[in-house]
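Some notes on the structure that comes next.
The values are calculated or read from the model by the stated rules, or taken from the named source; none is laboratory data. What you see is a predicted model; the values in this text were computed from it and never measured. Glycine also receives a Cβ, built like all others from the backbone with ideal geometry; neighbour counts cover every protein chain displayed.
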Amino acid sequence: MAKTAGDNPIGEGTRVVGRDVIHRWEGNPILALEDIPFPCNTVFNAGATMHNGQYLLLIRVEDQRGKSIFALARSEDGYRFVVDPEPVMTPSNEEPFATYEFCGIEDPRITFMDDTYYIMYTAYSHYGPMLALAKTDDFVRFERIALISQPVNKDGALFPRKINGQYCRFDRPNVGSSGNIWISYSSDLIHWGQSEIVMTTRPDHWDCVRIGASAPPIETDQGWLEIYHGVKETAAGPIYRLGVVMLDLDDPAKVIGRAAIPILTPREYYERVGDIGNVVFSCGAILDKSSGEVRIYYGAADTCICIGTAKLEALITRCFEQENTP
Ligand code: BMA
């Protein structure tokens, strides 16, 4: 439903929306609590992909205990989604996953590679968050592959092809309350190593406290385009925003362009107010190669799911503008 000026008690309706390179859909949010066909608390960060001509979102749903599970939402147009009646992945009862998923499974990111859909997600337990990997062919049967990091690690995003003969992922080990984007490699998707720092927080910027990969990287003729999130602490708590960076195609640990300003920042009421306010957080984006448009699905205020779009070329250009004007 299109918003009018009166809908937003914080700003002045949609007047502020045009300041971000990402265009928010006027019908946002696309999924909220009332769209989930089983009892839950909130719905937010979702992996995104195409499957048999349909848009699929693997959505993070927080149940009423406070533990997260995954459900599947389907759409013909990428905007209007219907959620399957039952969750598709819940914390495992089988070891070794049961111990490390005890507090929930979070933030799924989908990568299609070699006819298989891989899902890298955060397994949450009393021992802290760590990365896990599952796979599916049909979004009906999901098979866990392995726990693939120690705690504390989050924001795992698998590249869509091997690089120099190896599988490749971003991850985000924490150092206290801070954290940077790293890269790790594997020959079998189970054992990971050769870890290397990719990029760090910027002390004087919107991404000064923590950063992490958001959507899995998109291959372009300029390099790997990564949509990432950055956190700034304020007197009123953290603000989560989205930014873009371009990485070398053959050596994705090498940054070749990083936008100075965010591509999306919380401005709308549904991004400002919710269980965790002032959050836009993406786990999935879909590139339509024929139109050159990127559809970015993002959780807003840890309470609903939204869509924003941008031309791929606009995102690429942003990466190489060192001092983007606000
Ligand atoms: C991050 C993740 C996300 C969440 C965000 C804002 O650390 O846990 O799932 O959306 O915080 O609360």
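Has region 165-174 got at least one residue that is closer than 30 Å to Glu86 by Cβ, within 16 Å of the ligand (Cβ to nearest atom) and either touching a strand residue (DSSP E or B) at 6+ places or on another chain (Cβ under 9 Å) or not basic (Lys, Arg) (or both)? Looking for residues that are closer than 30 Å to Glu86 by Cβ, within 16 Å of the ligand (Cβ to nearest atom) and either touching a strand residue (DSSP E or B) at 6+ places or on another chain (Cβ under 9 Å) or not basic (Lys, Arg) (or both), one finds none in region 165-174, hence no. Here Ser149 meets each of (1) under 30 Å from Thr234 (Cβ atoms); (2) without any contact (Cβ under 8 Å) to a residue 12 or more places away in the chain; (3) in contact with a strand residue (DSSP E or B) (Cβ under 6 Å, 6 or more places away or on another chain) with one exception, condition (2).
Among the strands (runs of 3 or more DSSP E) confined to region 211-322, the ones with at least 3 residues that are in contact with a Pro (Cβ under 7 Å, 6 or more places away or on another chain) and at pLDDT 95 or above are located at 223-234, 237-247, 304-311. Do we find that Ala73 is within 16 Å of the ligand (Cβ to nearest atom), closer than 21 Å to Tyr270 by Cβ and among the hydrophobic types (A, V, I, L, M, F, W, C) in this structure? No; evaluated as a whole, the condition is false for this residue. For region 225-253, filtered to residues that are away from the ligand (no atom under 16 Å from the Cβ) and not aliphatic (A, V, I, L, M), the residue that is surrounded by the fewest Cβ atoms within 10 Å (Cβ to Cβ) is Asp250.
Taking the criterion of being within 23 Å of Leu315 (Cα to Cα), without any contact (Cβ under 8 Å) to a residue 12 or more places away in the chain and more than 16 Å from the ligand (Cβ to nearest atom), would at least one residue in region 157-164 satisfy it? There is no residue in region 157-164 that is within 23 Å of Leu315 (Cα to Cα), without any contact (Cβ under 8 Å) to a residue 12 or more places away in the chain and more than 16 Å from the ligand (Cβ to nearest atom). Residue count for region 46-60 under the criterion of being outside any strand (DSSP E or B) and among the β-branched types (Val, Ile, Thr): the result is 0. For residues that are closer than 18 Å to Thr317 by Cα and more than 16 Å from the ligand (Cβ to nearest atom), scanning just region 289-299, find the one that is surrounded by the fewest Cβ atoms within 10 Å (Cβ to Cβ). Out of the qualifying residues, it is Lys289. Six or more apart or on different chains, Cβ atoms under 6 Å: show the pairs whose first residue is in region 121-142 and of a type in the set (Gly, Ala, Ser) and whose second is surrounded by fewer than 21 Cβ atoms within 10 Å (Cβ to Cβ) and assigned to a loop (DSSP other than H, G, I, E, B). Correct list of pairs: Ser125/Phe102; Ser125/Cys103; Gly128/Pro151; Gly128/Val152; Ala134/Phe142.
Does Ala259 satisfy the criteria of being in contact with a helix residue (DSSP H, G or I) (Cβ under 7 Å, 6 or more places away or on another chain), within 17 Å of Ile22 (Cα to Cα) and in contact (Cβ under 8 Å) with a residue 24 or more places away in the chain? For Ala259, the condition - in contact with a helix residue (DSSP H, G or I) (Cβ under 7 Å, 6 or more places away or on another chain), within 17 Å of Ile22 (Cα to Cα) and in contact (Cβ under 8 Å) with a residue 24 or more places away in the chain - is met. Cβ separations smaller than 9 Å between residues 6+ apart or across chains give the following pairs from region 218-237 residues that are closer than 14 Å to Met199 by Cβ to residues that are away from the ligand (no atom under 16 Å from the Cβ) and basic (Lys, Arg): Gly223/Lys254; Gly230/Arg202. Among the residues of region 260-280, the ones that are buried (at least 22 other Cβ atoms within 10 Å of the Cβ) and of a type in the set (A, V, I, L, M, F, W, C) come to 4 in all. Just one of the listed residues (Phe112, Phe81) is away from the ligand (no atom under 13 Å from the Cβ), closer than 25 Å to His191 by Cα and not aliphatic (A, V, I, L, M), namely Phe112.
When residues in region 202-224 are screened for being within 22 Å of Phe159 (Cα to Cα), more than 14 Å from the ligand (Cβ to nearest atom) and surrounded by 15 or more Cβ atoms within 10 Å (Cβ to Cβ), 7 of them pass.
The residues listed here are Glu101, Glu76, Glu95; of these, the one that is of a type in the set (Asp, Glu), at pLDDT 95 or above, more than 16 Å from the chain's Cα centre (by Cα) and buried (at least 23 other Cβ atoms within 10 Å of the Cβ) is Glu101.
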